[in-house]
Amino acid sequence: MPRKKEATESMIDILADFKDKKKIDRTTLVGVLEESFRNVLAKMFGSDENFDVIVNPDKGDLEIYRNRTVVNNDEVTDPNKEISLDEAHKIDSDYEVGEDVSEPIDFAKFGRRAILTLRQTLASKVLELEHDALYNKYKDRVGEIVSGEVYQIWKNETLVIDDEGNEMYLPKGEQIPRDFFHKGDTLRAVVDHVDNTNNNPKIYLSRTAPEFLIRMLEGEVPEIADGLITIKKAVRIPGERAKVAVESYDERIDPVGACVGVRGSRIHGIVRELRGENIDVINYTPNEQLMIQRALAPAQISNIKLNPEEHRAEVFLKQDQVSLAIGKNGMNIKLAGWLTGYTIDVYREVADTPKEEDVYLDEFNDVIDQWVIDALKGIGLNTAKSVLRAPREMLIEKADLEESTVDEVLRILNAEFED
């Protein structure tokens, strides 16, 4: 009797262990419990085809019925699927040969070994289901920001726990150089990838990926979330500097101003999260030459020669602009190259610049009035060739100049480039 009681308690414990599994939906859990019972029954009786298993995880109980066909006393060939007439009459005296007998089975009577096998089978299947649920949850969240609590810090990675107790890993190489965490800190990062080797998912995070910066901008700038501004591309040297190209679909919205915010209100929080990383927000343009010029800001470009086939750009600058284009430790030119997709080569202008090269308008202030030059520069035309390429009507209208004045300017500039 004590053994039966102990076995019964074990059954109750098994069902109690699995009825509160929060990560597995009820239908799936019932299916797993039923399949596990059937596996044990098949091992014990050779087949589970003639068993009905009814699981009720809410109540923590189950019912098992074995169905057998009544045969004559000397004709039983399969005791699992057939029952003799005499045995059937012990259940109910009305049974006759050929009828089906359904009798309840007390699984607890099968002993401790059967219950131990059931527990192990259940634990294995539930663990497999939990792994599947974890993988499916995070494989679709790659590139999204998640937050968690720092649980343990090792030399090469940091263990982070999400709000459901799932483990996530932040490798050292995916941390910003000035990152420093303590146990219990709240950490934000993007899901970089999910490794599911041997159906054992491991979630890896990143704080250095460009997507981390992009997702934070989306969270801080409502116009991006609303689709009025698009982030075309973002590149980073983590913790040092980043460049982001943005475009507005509403001409009334300044995409750069919207991202930065009044006095930097929107960008400051992101800079703090990125440990002081300087963020250059650039107005995107499909004009590759202009895009390179903007990407190299704050340097003033004199001339650019593009080789689109090889994605190379030769950039010519005045002596005092070269260091600005290259930037500290070469970061500015490196980021500009990543942003535009061009390999950028920087050249210093020499004093005897060939006539076919462009010339700044300011160099003509001895023959063109400075106020005329300033008017042309005010509409974005800083060099002689940019003025010559502009339509005459545009110069008159946008620069607000007299026709005779525009014609005189064009004559002087054309003379500069005549052979």
Practice task
For ARG119, state whether it is open to solvent by less than 60 Å² (accessible area, probe 1.4 Å), in a helix (DSSP H, G or I) and over 30 Å from ALA209 (Cβ atoms).
Solution key: no
Practice task
Evaluate the following for ARG236: is it within 14 Å of the chain's Cα centre (by Cα) and crowded, with 21+ Cβ neighbours inside 10 Å?
Solution key: no
Practice task
Working carefully through the options VAL40, VAL55, find the one that is out of contact with any Ser or Thr (no Cβ under 8 Å at 6 or more places or on another chain), at pLDDT below 85 and surrounded by 14 or more Cβ atoms within 10 Å (Cβ to Cβ).
Solution key: VAL55
Exercise for the section: Test LYS305 against the criterion of being in contact (Cβ under 8 Å) with a residue 12 or more places away in the chain and not polar (S, T, N, Q), and give yes or no. Expected result: no
Exercise for the section: Return the pairs, sorted by first residue and then second, in which the second residue is charged (D, E, K, R), the first residue lies in region 82-99 and is within 13 Å of ASN72 (Cβ to Cβ), the beta carbons are less than 7 Å apart, and the residues are 6+ apart or on different chains. Expected result: GLU82/ARG68; ILE83/ARG68
Handout entry: Top-ranked residue in region 293-306 [being touching a Ser or Thr at 6+ places or on another chain (Cβ under 9 Å) and either over 22 Å from GLY380 (Cα atoms) or in a helix (DSSP H, G or I) (or both); ranked as most open to solvent (accessible area, probe 1.4 Å)]
Key = ARG294
Completion exercise
Restricted to region 307-332 and to residues being part of a helix (DSSP H, G or I) and of a type in the set (S, T, N, Q), the residue farthest from LYS385 (Cα to Cα) is ASN329
Practice task
Might you let me know whether region 91-112 holds any residue that is at pLDDT 85 or above, part of a helix (DSSP H, G or I) and surrounded by fewer than 17 Cβ atoms within 10 Å (Cβ to Cβ)?
Solution key: yes
Problem - Top-ranked residue in region 362-419 [being open to solvent by 80 Å² or more (accessible area, probe 1.4 Å) and outside any helix (DSSP H, G or I); ranked as modelled with the lowest pLDDT] - result: ASP419
Exercise for the section: Kindly indicate the residue of region 262-287 that is touching a residue at least 40 places away in the same chain (Cβ under 8 Å), of a type outside the set (Val, Ile, Thr) and out of contact with any strand residue (DSSP E or B) (no Cβ under 6 Å at 6 or more places or on another chain) and also surrounded by the fewest Cβ atoms within 10 Å (Cβ to Cβ) among those meeting that condition. Expected result: GLY276
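The values are calculated or read from the model by the stated rules, or taken from the named source; none is laboratory data. No experiment lies behind these values; they were computed from the predicted model shown. Reconstructed Cβ throughout: ideal geometry from the backbone, glycine too, with neighbour counts over all protein chains shown. Side chains are part of the model used for accessible areas, which takes the heavy atoms of the whole protein and leaves out ligands, DNA and RNA. Shrake-Rupley method; radii C 1.70, N 1.55, O 1.52, S 1.80 Å.
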